[in-house]
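Working notes, beginning with the structure itself.
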Amino acid sequence: MINPSLFLFIGLAAAILYAIIFLCGTWLTRRNSKIMREGSCANSGVWNYDQTNIRRQDRLLDETRALDIIRTCEYGTLSMTDECGEAYGLPLNFVYDDSGCIYIHCAPEGRKLRAIRSHPLTSFSIVGDTHVISRKFTTNYESVILKCRAVTDLSELERRHALALLLEKYSPADKETGLTYIDKSFHRTEIIRLDIMAVSGKAKSISI
């Protein structure tokens, strides 16, 4: 006859083993989710394309074209408020991540970083195609303005992800050399992420 205590011991051991497996699975799931969040943007590519504040409603830029400008233009202007409350802006190279944010690289310290750590809300403007029409005293243009929240102190995983995107955009023919350069200069490179909150676009196109 089997001792009932043996059944109790086996049942208890099975329960403990199940609990361990469950806790390990939960931990792994949360860890992997965190890694994925750290390696991508916070807003998952969802923003508000808001044209309501543009006075000339006849000059609205199509959202598809606005996204194309964000993806392909070489530089944009970052406008900030610095730690002293003064306006501060400068043109910068950037790269758009299709998960919905912009990455900028810079030195590990400087006025730009001090500004956004004091006032993280920023504006980022990008100019598309332009053409001056002299005889009509006007200019055909495309422009996009992004309302953003700047984020610093990103994980190493996300910073390397951003640098790889910048390399792919600006030096795709020298990617192998660029990856080596990233490893050598990683310790002296900071990454700023601009989480896009709202976008508006404006354009003017008249016959020449």
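The values are calculated or read from the model by the stated rules, or taken from the named source; none is laboratory data. Source: prediction; values computed, not measured. Neighbour counts run over all protein chains shown; Cβ positions are idealised from the backbone, glycine included. Keep in mind that these areas ignore ligands, DNA and RNA; they rest on the heavy atoms of the full protein, side chains included. Shrake-Rupley method; radii C 1.70, N 1.55, O 1.52, S 1.80 Å.
If contacts are Cα pairs under 8 angstrom and at least 6 residues apart, what is the relative contact order of segment 114-207 in percent? Relative contact order for segment 114-207 comes out at 36 percent.
For chymotrypsin sites (Phe, Trp or Tyr not before Pro), the sites in segment 37-142 that DSSP calls loop and that have at most 11 other Cβ atoms within 10 Å are Phe137.
Apply the a/c threshold of 1.5 to the C-alpha gyration tensor of segment 81-181 and tell me whether it is rounded, prolate or oblate.
On the way: a/c = 2.35, a/b = 1.24, b/c = 1.90.
Verdict is oblate for segment 81-181.
Give the shape of segment 45-103 as rounded, prolate or oblate, defined through the alpha-carbon gyration tensor: a ≥ b ≥ c are the square roots of its eigenvalues, a/c under 1.5 means rounded, and otherwise the shape is prolate if a/b is larger than b/c and oblate if not. Write out the running numbers ahead of the final one.
Values: a/c = 1.95, a/b = 1.27, b/c = 1.54.
Judged from the Cα gyration tensor, segment 45-103 comes out oblate (a/c at least 1.5, b/c at or above a/b).
Counting only residues at least eight positions apart within a chain, or on another chain, the aspartates and glutamates with an alpha carbon under 15 Å from that of Lys175 are Asp183. Cys73 contributes about 20 Å² of solvent-accessible surface, heavy atoms of the protein only, 1.4 Å probe. Cβ under 14 Å from Gln57's Cβ, Gln57 left aside: what net charge do those residues give with Lys, Arg +1 and Asp, Glu -1? Local net charge: +2. Using only the alpha-carbon atoms of segment 89-141 as identical scatterers, what base-10 log of I(q)/I(0) does the Debye formula give at q = 0.13, 0.16 Å⁻¹? Calculated log10 I(q)/I(0) at the listed q: -0.52, -0.68.
Taking a straight Cα-Cα cut-off under 23 Å and skipping sequence neighbours fewer than 8 places away in the same chain, the lysines within cross-link reach of Lys202 are Lys136, Lys147.
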